[in-house]
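Coordinate-derived values only; no laboratory data. On a predicted model such as this, the values are computed, not experimentally measured, just so you know. Ideal geometry is used to build each Cβ from the backbone, glycine not excepted, and the neighbour counts take in all protein chains shown.
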Amino acid sequence: MARAITLVESTRPQHRALAQELLTELLPHSGRARRVGISGVPGVGKSTFIDALGVMLTSLGHRVAVLAVDPSSTRTGGSILGDKTRMERLSLD
């Protein structure tokens, strides 16, 4: 997963080509999946919103996956977070 994210986010020409190949292979298998991006300044309520939306969707029988990324990381430029503690209700579904 981390390697795939690196390829997709990279600006290197060889990475862009590999990313395109990867997406071409994966997208036909995504079915009717929807992807939603949510951003905002710290403390605005992104995790609270995602928790509430996710709980509502799972109560309707949908499956939900959350990939939270912190682009403000000075060391890595973006880290994948484990926001399970902030999305408590959704983590139980």
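Using a Förster distance of 22 Å, how high is the FRET efficiency between Ala17 and Ala65, based on the Cβ-Cβ distance and rounded to 0.05? The value I calculate is 0.25. The length gained by stretching the chain between Val36 and Leu57 to full extension, at 0.36 nm per residue less their Cα-Cα distance, is 6.3 nm. Amide H to amide H distances under 5 Å link Val69 with Leu81, where only residues 5 or more positions off or on other chains count and H is placed in the peptide plane.
Here Leu22, Leu60, Leu67 are placed in order of increasing Cβ neighbour count within 10 Å, fewest first, which gives Leu60, Leu67, Leu22.
When the expected Rg is taken as 2.2 N^0.38 Å, what fraction or multiple of it is the alpha-carbon Rg of the stretch 1-67? The partial results should precede the final answer.
Working: Rg = 15.4 Å, N = 67, 2.2 N^0.38 = 10.9 Å.
With N residues counted in the stretch 1-67, Rg over 2.2 N^0.38 Å equals 1.41.
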